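Presented below is the structure to which this report refers.
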Amino acid sequence: MRATSLLLLLNLTLFSLHAFSQAAAEIRVEPPHWWVGMNNDTVQVMLHGNFDTDTEVELRPYAGVELIATTRPSEHYVFIDLIIANDTEPGTLEIDLIGTWNITLDYSLKARKPGSGSREGFDASDVLYLITPDRFANGDTENDTVEEMKEAADRSFHGGRHGGDLRGIIDHLDYIDQMGFTAIWINPILENDMPRWSYHGYSTTDFYRIDPRYGSLEEYKELVTESEKRGIKIIQDMIENHCGSEHWWMDDLPFKDWINGNGEYRQTSHQHEVVQDPYASDYDTDAFNKGWFVRTMPDLNQQNPYMATYLIQNSIWWIEEVGLSGIRQDTYPYADKTFMAQWAKAILSEYPLLNIVGEEWNYEVPRVAYWQDGSSNEDGYRSYLPSVMDFPLQLAIGQAFDGNAQNDEGLKELYRCLALDFLYPAPQDLVTFADNHDMDRIYARIGEDLERWKM
């Protein structure tokens, strides 16, 4: 009888240890770690898992770190706010979750790389090479199809995945260098676990994970390191406006207003003009800013302060973690403009010399100029955004050389566009381009006329 009791006790103990281990393993922690010595001395950590309704959070003593707030917005989420003193040493925090299962989470505070805050971003002296990674080069055929991901490789489908990856870019850095490029703008490489058309990368399903079909975080760091050896800067494509409809949180939102429309699809109007229109109604403004870009791209509500903090910290995490030289921000005017100013200001407070370029796909110079920092906007808006994509010039270049303009009218239109540079506070900081991943190549647009292309 005693032996049976001991065996039962042992089994219960083993079961408890297994359940404890499993519970700890199933807790998602974002950001996964942070750094000491940041200009902003606070970090907000989001935990997602199966918590008891009365779970309490305690931070074990650690010199220079204080737990200042805990928020429990829903059953499966806990937000933890920490303040980190400037003289805090790197190390591991121990965060206790006290409930049915007492779990201790280890949270790393890392040392920053020397000079990280003073890193120099790309500028007008750089020549950017744009890469859509799935379509560039396949350096590792083993990751073309990943079992856990919804979409497998299919080179027979023009909208499918074709196998390009980070290893392919690394393998061709000498080629890019020899062509004279000094910076690489890479289309999104974060996890995009959508069932179809995932190759473009703009439907993020995990903001802290490299898509495994592109490779790993370590390979991304290797790309940055090897690029730096050749004097090449890396610019990461980011999206603050939306995520993918297969994002892990879509089935379990932390707040009802985490996604605009309370998680229900409502199409954006795509009416860019309402942002600057002094007569625009709230209805029209919301129809643009709070609508979804497409059905598979839920619109993030940056007016929720926890979402705002999440997005800002995510951008800073990637800059610090891999050593970026810049950000290209997608669909810039679609997001809440007050938040976007807060986002840009927060990043530049950590990295004053970094560069950020925003995409305002509009061919009217005044509407594009509105977004560049220093613009004298009638509504007093300040964006803190150093650069914008010069879409008006892109259009004018195509019209000047596509052969459709009568006589020299195309060149005159190109001149007229350049003559409007006085509307930009810093026209020399614009990113000028002839085409990009969303449009035909300029060579095709001008009828594959090599002499025109050389001009």
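Among the residues of region 125-139, which ones are touching a Ser or Thr at 6+ places or on another chain (Cβ under 9 Å) and either assigned to a loop (DSSP other than H, G, I, E, B) or outside the structural domain of Ile234 (by TED's automatic domain parsing) (or both)?
Ser125, Asp126, Val127
Collect the residues in region 162-211 that are assigned to a loop (DSSP other than H, G, I, E, B), within 13 Å of the chain's Cα centre (by Cα) and among the β-branched types (Val, Ile, Thr), keeping them in residue-number order.
Ile189, Thr204, Thr205
Of all residues in region 109-167, which are closer than 19 Å to Asp193 by Cβ and among the aliphatic types (A, V, I, L, M)?
Of everything in region 109-167, those that are closer than 19 Å to Asp193 by Cβ and among the aliphatic types (A, V, I, L, M) turn out to be Val146, Met149, Ala152, Ala153, Leu166.
Does Trp343 meet the test of being in a helix (DSSP H, G or I) and touching a residue at least 12 places away in the same chain (Cβ under 8 Å)?
yes
Using the structure shown, decide if Ile95 is surrounded by fewer than 17 Cβ atoms within 10 Å (Cβ to Cβ), of a type in the set (Val, Ile, Thr) and part of a strand (DSSP E or B).
No: the conditions fail for Ile95.
So which of Thr104, Thr55, Thr70, Thr88 ends up being at pLDDT below 95, out of contact with any Ser or Thr (no Cβ under 8 Å at 6 or more places or on another chain), more than 21 Å from Arg209 (Cβ to Cβ) and among the hydroxyl-bearing types (Ser, Thr, Tyr)?
Criteria check complete, one pass: Thr55.
Looking at region 283-293, is at least one residue in contact with a Lys or Arg (Cβ under 9 Å, 6 or more places away or on another chain), surrounded by fewer than 22 Cβ atoms within 10 Å (Cβ to Cβ), among the aliphatic types (A, V, I, L, M) and within 14 Å of Leu385 (Cβ to Cβ)?
no
Here is a check on your reading of the model: is Leu393 in contact (Cβ under 8 Å) with a residue 24 or more places away in the chain, in a loop (DSSP other than H, G, I, E, B), surrounded by 15 or more Cβ atoms within 10 Å (Cβ to Cβ) and aliphatic (A, V, I, L, M)?
no
Within region 34-82, which residues are closer than 27 Å to Ser116 by Cβ, in contact with a Leu (Cβ under 7 Å, 6 or more places away or on another chain) and part of a loop (DSSP other than H, G, I, E, B)?
Val36, Tyr62
The values are calculated or read from the model by the stated rules, or taken from the named source; none is laboratory data. Values in this document were obtained by computation on a predicted structure and should not be read as measured data. Neighbour counts run over all protein chains shown; Cβ positions are idealised from the backbone, glycine included.
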